[in-house]
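The values are calculated or read from the model by the stated rules, or taken from the named source; none is laboratory data. Since the model is a prediction, treat every value here as computed from it, not as a measurement. Note that we place each Cβ from the backbone using ideal geometry, even for glycine, and neighbour counts take in every protein chain shown.
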Amino acid sequence: MDRIPIAKIGSCLFATIQVDMHDRLALALREDLGSELLRTQAKGVLLDITSLDTLDTFIARLLAGIGAMAQLLGARTVLVGMRPAVAMTLVELGLTLEGVQTALNVERGMALLEATR
């Protein structure tokens with residue numbers, strides 16, 4: 001099964017989604033991030049979803065779940081690269097990403113994580 005690579009940059013974990021996100025891949029990402037948070041004791045998680053054209057309710061809820069899990073493990077989560085169509089879908093479905101902050105791009109996301117350490 002494919003996995004989304006996770007890199008440690010400073011005290012943060014960085015994962016960029018470069019493929020179509022399906023349910024099993026999203027579940028594997030959540031599991032991998034949890035393991036890496038415990039192993040590295042990272043203080044932040046940066047998720048780049050620039051390549052995602054669409055986002056369904058399962059994936060949106062899973063991203064919010066990643067934010068909640070990271071928070072319980074002492075890390076903040078920032079989601080970057082959200083396309084306007086994805087944002088509109090979230091609004092239309094009435095979904096919020098509690099526990100997850102957003103930024104326009106990776107640079108701003110890292111600045112947000114670094115500013116609050």
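Numbers below:
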{"quantity": "Sole exception among (1) surrounded by 14 or more Cβ atoms within 10 Å (Cβ to Cβ); (2) in contact with a Ser or Thr (Cβ under 6 Å, 6 or more places away or on another chain); (3) modelled with pLDDT under 95 for Val45, by number", "calculated": "(3)"}
{"quantity": "Output for the range 1-16, where each listed residue is in a loop (DSSP other than H, G, I, E, B) and either touching a Leu at 6+ places or on another chain (Cβ under 6 Å) or more than 17 Å from Leu62 (Cα to Cα) (or both)", "calculated": "Met1, Asp2, Ile4, Pro5, Gly10, Ser11"}
{"quantity": "Filter pass, Gly94 being at pLDDT 90 or above and among the small types (Gly, Ala, Ser)", "calculated": "no"}
{"quantity": "Search result, residues across the range 59-86 that are of a type in the set (Lys, Arg) and surrounded by 15 or more Cβ atoms within 10 Å (Cβ to Cβ)", "calculated": "Arg76, Arg83"}
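A quick yes/no check of all residues on (1) closer than 21 Å to Ala111 by Cα; (2) of a type in the set (Lys, Arg):
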position: Phe14; (1), (2): yes, no
position: Leu25; (1), (2): no, no
position: Asp48; (1), (2): yes, no
position: Arg61; (1), (2): no, yes
position: Leu93; (1), (2): no, no
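A quick yes/no check of all residues on (1) more than 14 Å from the chain's Cα centre (by Cα); (2) among the small types (Gly, Ala, Ser); (3) farther than 19 Å from Leu27 by Cα:
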site: Gln41; (1), (2), (3): yes, no, yes
site: Thr54; (1), (2), (3): yes, no, no
site: Leu63; (1), (2), (3): no, no, no
site: Thr77; (1), (2), (3): no, no, no
site: Gly81; (1), (2), (3): no, yes, yes
site: Thr102; (1), (2), (3): no, no, yes
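Per-residue answers, yes or no, for (1) touching a Gly at 6+ places or on another chain (Cβ under 7 Å); (2) of a type in the set (Lys, Arg):
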position	(1), (2)
Arg3	no, yes
Ile6	no, no
Phe14	no, no
Val19	no, no
Asp48	yes, no
